[in-house]
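Working notes for the structure below.
The values are calculated or read from the model by the stated rules, or taken from the named source; none is laboratory data. All values reported here derive from a predicted model rather than from experimental measurement. Glycine also receives a Cβ, built like all others from the backbone with ideal geometry; neighbour counts cover every protein chain displayed.
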Amino acid sequence: MDLVVLQNWLDNISFAVLFSTMLIYWVGAAFPGIPYLGALGTAGMAVANLSIAALLGSRWIEAGYFPLSNLYESLFFLVWGITAIHLVAENMSRFPFSRSSHIPRSNGNIRLCSPDSAGNHAICRAPSTRPQIKLADDAR
């Protein structure tokens, strides 16, 4: 197989896998009760990372130097690094990034907290009023 054809396949595979992985992470954020989405998202990121690494390696073999000479190659190297950092961060954390049920959500009430003597945020109070926004037309 010609290296140019291999690079074309790896380019398309990495794009398709990253796009589908993005959709998996979005579905995981919308429906946190689906149990296998975290593992599927991690596997997709690993496949995309390996595909991009193989693409960079094949371009290195073909050109004879590390592929950072133009914007196309530099962006693939950047994406490879970002996916690698994503995999390391997800491996070091306690939960996969596709499960956003751990993210606290706000219902519009802002709580003002101050630390107690031990440094914990234990003394919290809700604001008494919401801020009023006055527009220039309402200056009556």
- Among the residues of segment 84-118 satisfying the criterion of being of a type in the set (S, T, N, Q) and either surrounded by 14 or more Cβ atoms within 10 Å (Cβ to Cβ) or touching a Phe, Trp or Tyr at 6+ places or on another chain (Cβ under 7 Å) (or both), which is modelled with the lowest pLDDT? Ser100
- Item | For Val79: the one exception among (1) assigned to a loop (DSSP other than H, G, I, E, B); (2) of a type in the set (A, V, I, L, M); (3) closer than 29 Å to Gly38 by Cα | (1)
- Item | Test for Thr21: is it in contact with a Gly (Cβ under 7 Å, 6 or more places away or on another chain), assigned to a helix (DSSP H, G or I) and modelled with pLDDT of 90 or more | yes
- Message: Take the conditions of a type outside the set (A, V, I, L, M), surrounded by fewer than 14 Cβ atoms within 10 Å (Cβ to Cβ) and part of a helix (DSSP H, G or I) and apply them to Gly33. Does it pass?
- Response: no
- For residues that are surrounded by 11 or more Cβ atoms within 10 Å (Cβ to Cβ), of a type outside the set (Asp, Glu) and within 23 Å of Leu3 (Cβ to Cβ), scanning just segment 73-83, find the one that is nearest to the chain's Cα centre (by Cα). Thr83
- Task: Check Ala16, Ala30, Ala63 and return the single one that is hydrophobic (A, V, I, L, M, F, W, C) and at pLDDT 95 or above.
- Result: Ala16
